[in-house]
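Note sheet for the following structure.
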Amino acid sequence: MRLQLALNVSNLDESIEFYEKMFDTPVLKKKPGYANFAIENPPLKLVLFEQPGNGGAINHLGVEVETAEEVEAAEKRISGAGVDTTGVDDTVCCYAAKTETWVEGPDNRWEWYVKNGDTSVLENVVMSSR
């Protein structure tokens, strides 16, 4: 399990260059308007969304887990505590196939997810609900 930090950045190439140096880690995936890093130390999934004029803002936060069962368990625990979730869905988003649930916090959106594969789709599309 590792924390995910998704940031809006003004210039994707400049941001990639900066974070490669800051974390001594090469970019893992780069697509138009999107990049991500799998940083080992500290354990972090860093995601960049190019948003000219809206850089420096948090896009969303997340927790990346290793199995769909962990997503389902987190969703059950969170919703059982009285916090609304989106339920568990199989989706394509951010150039990945994922099993995920979303939670709206007081100030930020949170995603619990597992990546199941790669896709060519940036925008979130729900493929099926669990």
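The values are calculated or read from the model by the stated rules, or taken from the named source; none is laboratory data. None of the values given here were measured: they were computed from a predicted structure. In this analysis, Cβ positions are derived from the backbone assuming ideal geometry, glycine residues included, and neighbour counts consider all displayed protein chains. Note: areas computed on protein heavy atoms with side chains; ligands, DNA, RNA excluded. Shrake-Rupley method; radii C 1.70, N 1.55, O 1.52, S 1.80 Å.
Rounded to the nearest percent, how much of the accessible area of the chain (1.4 Å probe, protein heavy atoms only) is carbon and sulfur?
For the chain, the apolar C and S fraction of the accessible surface comes to 52 percent.
Starting from 0.36 nm per residue, how many nanometres of slack lie between Glu69 and Lys31 once their C-alpha separation is accounted for?
Here the answer is 10.8 nm.
Assigning unit charges at the beta carbon (Lys, Arg +1; Asp, Glu -1) and nothing else, what dipole magnitude in debye, to the nearest 20, does the chain show about its Cα centre?
Charge dipole, the chain, about its Cα centre: 40 debye, nearest 20.
List, in order, the whole-Hz ³J(HN,Hα) value for each residue of the range 37-52 obtained from phi through the Karplus relation with A = 6.51, B = -1.76, C = 1.60 and θ = phi - 60°; use x for Gly and Pro.
Values, residue by residue: 10, 10, 8, 7, 9, x, x, 8, 9, 9, 10, 10, 10, 6, 9, x Hz.
What spacing in nm lies between the two simple spin-label points modelled at Asp84 and Asp13, each 7 Å away from Cα in the Cβ direction?
With each label point 7 Å from Cα toward Cβ, the separation is 4.3 nm.
Please calculate how many Å² of accessible area the range 17-130 carries per residue, with a 1.4 Å probe and no DNA, RNA or ligand atoms counted.
56 Å²
Between Met1 and Glu40, what is the FRET efficiency for a Förster distance of 22 Å, r being their Cβ-Cβ separation, to the nearest 0.05?
So, using R0 = 22 Å, E works out to roughly 0.95.
Which lysines have a Cα lying under 30 Å from the Cα of Lys31, excluding residues fewer than 8 positions away in the same chain?
Lys21, Lys45, Lys98, Lys115
For Cα pairs less than 8 Å apart in space and 6+ apart in sequence, what is the mean separation divided by the residue count of the chain, i.e. the relative contact order in percent?
23 percent
Using Cα pairs closer than 8 Å and at least 6 residues apart in sequence, work out the relative contact order for the range 58-103, in percent.
31 percent
Under 19 Å Cα to Cα from Lys76, which aspartates and glutamates show up? Leave out anything in the same chain fewer than 8 places away.
Glu64, Glu66, Asp84, Asp89, Asp90, Glu100, Glu104, Glu111
Quick one: Karplus J couplings for the range 9-20, per residue in order, coefficients 6.51, -1.76, 1.60, θ = phi - 60°, nearest Hz, x for Gly and Pro?
10, 6, 9, 4, 4, 4, 5, 4, 4, 4, 6, 4
Which one of Leu61, Asn36, Val103 is farthest out on the positive end of the charge dipole of the range 20-130, using unit charges on Cβ (Lys, Arg +1; Asp, Glu -1) and the Cα centre as origin?
After comparing all options, I get Asn36.
Give a residue-ordered list of calculated ³J(HN,Hα) values for the range 109-121 (Karplus: 6.51 cos²θ - 1.76 cosθ + 1.60, θ = phi - 60°; whole Hz; x for Gly, Pro).
8, 10, 10, 9, 7, 10, 7, 9, x, 9, 9, 10, 10
Please report the antiparallel percentage of DSSP beta bridges with both residues in the range 25-130, rounded to the nearest 5.
Antiparallel bridges: around 90 percent, rounded to the nearest 5.
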